[in-house]
Amino acid sequence: MKKLILFLLCVNTILMSSNSTIEQKIYAKTLHELFKDKQQIEVWCDDKEKIDMIAKIPHIKITDFIETANILIIFHSFNISQDKIIFVGTYNLLKHYKENAIGGFFWQKGRPNILFLKDNLKKYDLNVSQDLEQYVKQAL
Amino acid sequence: MKNILQTYFVLFVTVCLVIIYMYYSLSATEEELKKNMQGIFIEQSKGFTNNIDDLIHKELGGKNLYETLQKDKNLRDKLESSLYIIANNSFKYVYILYKDKYGDYRYLLDGSHNERGEFNQIFTTTNEKWDKVYKQQKSDIIEQKVVDTLWVTYLQPIVTNKKTDAIIVIDFSLVLKKELSIATQNIKSVFVYLLIAIGFLLLILIYQLAIYSKTKMDSYTDALTQTYNRLYLRKFIEKENLEKYQIIMIDIDYFKDVNDQYGHAVGDFILSKIASTINKEIRSDDVLVRYGGEEFILFTKKKSKVTKVIDIAQRIRKSIEQSCFVYDNHKIYITVSIGVTLDIKEHKTIHQAIKYADEMLYIAKETGRNKVIYDITQKSE
């Protein structure tokens, strides 16, 4: 019940926010859920605007080096070959990186779309909380 | 003046209430209009989705919808073209979703002009109404709260042989709703500006009234003694029922000597001190007027015992007699003579009643000063 209330509160807060705030909150929740044990999460991102937004999230450090990053958040690049945890910003990228992308967040038809790929979460031994469980999909 | 103020106040309140009422009426009308527009959209959507449903059933002829569309890209293109015709600025997105074996919704067809979903692309939604429509096979609407570009989503199931194959979805754009809000907002702003203007006028009026009251008070006040002046006395006599008052006429004894001995500045000082001493002995509803140079007239409310006024006059006399007025190290002792009219009704006019008090005062002066006289027989005493 408590979790439900918390989730509803979270949803309510999200409803009251602008798109960019929604996006920031979703990234914050996703990153903190995925890397619960880390004091500081190193993120590599290929979009200047999104870097500014993600950098404002607590416990997040933006890195310029893919090798040291805990997660890559990709919006444009189709040529990442490193075996890293990837989170994408478009559906096309999700299809492209279906082997190692753990999920993606993008806007479609005015709606925020978030989804996680079960097999890839398992591959990197990552878990999401019950709140995000409904967005974990079996297949792309 | 009081009546005019009350009338103005009622007028202002009425005008303000009318404006507020109109403002809220407009809001209610706006809501009603939005509801009507939503109704029109739903009706139109029903028509569109029924046509789409007919078209799909006609094209498929009872075959499995997903499998047929998966295999036949040409048919997908053809049907998407049909959906494309429906989509416009108001009917922003028109698409068809099916539910896969995991319970996730995926695109079958998308006729939207932009942000098109691919065949089989996942569509994430957590709203239970989608499942309800799928299960109950009845169309429904979702009022969008999260999405800031959409107003309402219309959902209609495609049912074949009592089995739901997919859902036809039409998203209605928020543009019309916003335009309606903008249109009414302009009118609402007029009401707000009117209220602000009225509030501003009210402030000016209050300010003017305060200035008027102060000027009026100043014109009725004797600047030296801060008691009422003869102008006020005239108004007071005109408007008040004086039968409920008794008159005390007070005159400072040997005031000319004070002026001659100490100068006019001291004379003024004594006048103001005498006025404040009298004021301390009377009640707030008594009216003290500087009647002449060193003469005051006091209208005091009639008590149940008419001779009570004599006690008040004596109290004033004693209080002044016992006071020591100090000016530039000079100690000055003053007495006053007082004449009283016990009952104004016994006199034909108020002027005669005042004259009577003046005559009693004259007797007090004649018979040694520093005394209160209210009856002519006291002269022989």
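The values are calculated or read from the model by the stated rules, or taken from the named source; none is laboratory data. The structure displayed is predicted, hence computed values, not measured ones. Positions of Cβ are backbone-derived with ideal geometry, glycine not excepted, and every protein chain shown enters the neighbour counts. Keep in mind that these areas ignore ligands, DNA and RNA; they rest on the heavy atoms of the full protein, side chains included. Shrake-Rupley method; radii C 1.70, N 1.55, O 1.52, S 1.80 Å.
Structural remarks
- Condition check for B:L108: touching a Phe, Trp or Tyr at 6+ places or on another chain (Cβ under 9 Å) and in a strand (DSSP E or B): yes
- Where helices (runs of 4 or more DSSP H) fall wholly inside the stretch A:54-139, the ranges with 1 or more residues that are closer than 15 Å to B:F123 by Cβ and open to solvent by less than 10 Å² (accessible area, probe 1.4 Å) are A:91-96.
- One residue alone among B:L97, B:L79, B:L108 is farther than 21 Å from B:K129 by Cβ and either within 14 Å of chain A (Cβ to nearest Cβ) or modelled with pLDDT of 90 or more (or both), and that residue is B:L79.
- Pair list, Cβ under 9 Å, 6 or more apart: the stretch B:135-146 residue on the phi < 0 side of the Ramachandran plot and within 14 Å of another protein chain (Cβ to nearest Cβ), other residue in a helix (DSSP H, G or I) and open to solvent by 40 Å² or more (accessible area, probe 1.4 Å): B:I142/B:K129; B:K145/A:L15; B:V146/A:V11; B:V146/A:L15
- Tally, over the stretch B:182-209, of residues that are of a type in the set (G, A, S) and open to solvent by 60 Å² or more (accessible area, probe 1.4 Å): 0
- Filter result (surrounded by 13 or more Cβ atoms within 10 Å (Cβ to Cβ) and farther than 28 Å from B:K214 by Cα) within the stretch B:251-284: B:D251, B:I252, B:D253, B:Y254, B:F255, B:V258, B:N259, B:Y262, B:G263, B:V266
- B:I168 in contact with a helix residue (DSSP H, G or I) (Cβ under 6 Å, 6 or more places away or on another chain) and either more than 14 Å from chain A (Cβ to nearest Cβ) or open to solvent by 60 Å² or more (accessible area, probe 1.4 Å) (or both): yes
- Condition met for A:E23 (touching a residue at least 24 places away in the same chain (Cβ under 8 Å) and under 25 Å from B:I122 (Cβ atoms)): yes
- Filter result for B:V306 (in contact (Cβ under 8 Å) with a residue 12 or more places away in the chain, surrounded by 12 or more Cβ atoms within 10 Å (Cβ to Cβ) and assigned to a loop (DSSP other than H, G, I, E, B)): yes
- Looking only at the stretch B:66-110, residues that are acidic (D, E), more than 19 Å from B:Q137 (Cβ to Cβ) and surrounded by fewer than 16 Cβ atoms within 10 Å (Cβ to Cβ) come to 3 in all.
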